[in-house]
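> Take a look at the following structure, please.
The values are calculated or read from the model by the stated rules, or taken from the named source; none is laboratory data. Treat the numbers as computed from the prediction; the structure is a model and nothing was measured. Every residue, glycine as well, gets a Cβ built from its backbone with ideal geometry; the counts of neighbours run over all protein chains shown. Protein only, heavy atoms only, side chains kept; ligands, DNA and RNA dropped before computing areas. Shrake-Rupley method; radii C 1.70, N 1.55, O 1.52, S 1.80 Å.
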Amino acid sequence: MAHAIALPEVSDVIRVLAADSTRMNSQLLTTALERDKRFQVLDSPADVALVSAAVAKDKPGVIVISAEIDGNPRRGFEVAREIHSLHAQTRIVMLLDSSERSQVIEAFRAGARGVFSRSESLKSLAKCIFCVSQGQIWANSKELKYLLEALGEALPLRVIDARGTELLSRREQEVVRCVAEGLSNREIAQRLGLTEHTVKNYLFRIFDKLGVSKRVEVVLYAYSLSNISDAAHSPSPAKAKTSSPSPASHVPASSRMSPTLMAGSTTTN
């Protein structure tokens, strides 16, 4: 069961685009989401190839996209990567048939900010969309566990912009690597020979540079950018192999949804 969370009142309607596994499913999902007055649900494109163009034209705040599209179990991940690369302002929720480890990891690597299993309710999906639209991360305790377990397999962090320019100083990148290992501020300070106060200052600067507010978002940001960079240097999309390393961070997990990930306040501890 998800934690009951009092959602704040919002004046702006959230623009949502749904791209489910088939055109019929997309239409059904659109109709269901339209019942929530917080959402303005946009028309789903008739062809998955037009999804990115629809995002560019209609500028949704959130896109809900199925991992499997038209019988291809990986097409949704490909589309998510394209959207994340070209339209970073649109946040992605990935619909999964089941919360399998490989799919959860690949969803976050593709740029998703939320993963949602079809076994959950439409009411929970609406809450997921709302939270992701507010810049929060949506994942249950099992999915967070997958991310934490995959830390040792992860690619080296590369925090760069679209032109390949380093966004963080050498010391800031060292702090991010420590965060990715799940170290506390005290442990980071001990490893790098800093005070805890200095570590907190570094984290605030990192948050500000990357436009994030929580430790988990720093690592998700870094790994999703790494994935984009890897794809850009691949010989061709058709021949590129999809890797399964995952972003993660040191966050407490609850029975269903982590309060740390749902919280809206800045956290540096």
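> Any idea of the accessible area per residue across the range 160-221, 1.4 Å probe, to the nearest Å²?
Details: 3130 Å² over 62 residues.
Roughly 51 Å² per residue, with all protein chains present.
> Grab the beta carbon distance between residue 34 and residue 101, set R0 = 45 Å, and tell me the FRET efficiency rounded to 0.05.
On the way: r = 33 Å, r/R0 = 0.74.
The computed FRET efficiency comes out at 0.85.
> Near the amide H of residue 41, under 5 Å away, which other amide H atoms are found, from residues 5 or more places off or on another chain, if H is placed in the peptide plane?
16
> Report the FRET efficiency, 1/(1 + (r/R0)^6), for residue 122 and residue 70, where r is their Cβ-Cβ distance and R0 is 30 Å, rounded to 0.05.
0.85
> Using the Karplus curve 6.51 cos²θ - 1.76 cosθ + 1.60 with θ = phi - 60°, what ³J(HN,Hα) values do you get for each residue of the range 97-102, in whole Hz, with x for Gly and Pro?
Once rounded to whole Hz, the list reads 5, 7, 7, 6, 3, 5.
> Follow-up question, since we're still on this one. Taking 0.36 nm per intervening residue step and subtracting the Cα-Cα distance, what contour gain separates residue 53 from residue 23 on full extension? Numbers along the way, then the final one.
On the way: separation 30, 0.36 × 30 = 10.80 nm, distance 1.65 nm.
Contour length minus Cα-Cα distance gives 9.2 nm.
> Give me, ordered by chain and number, the residues 5 or more places off residue 91 or on other chains with an amide H under 5 Å from its own placed amide H.
62, 63
> Over the range 55-141, what percent of the accessible surface lies on carbon and sulfur atoms, probe 1.4 Å? It would help to have the intermediate numbers written out before the result.
On the way: 1420 of 3090 Å².
C and S fraction of accessible area: 46 percent.
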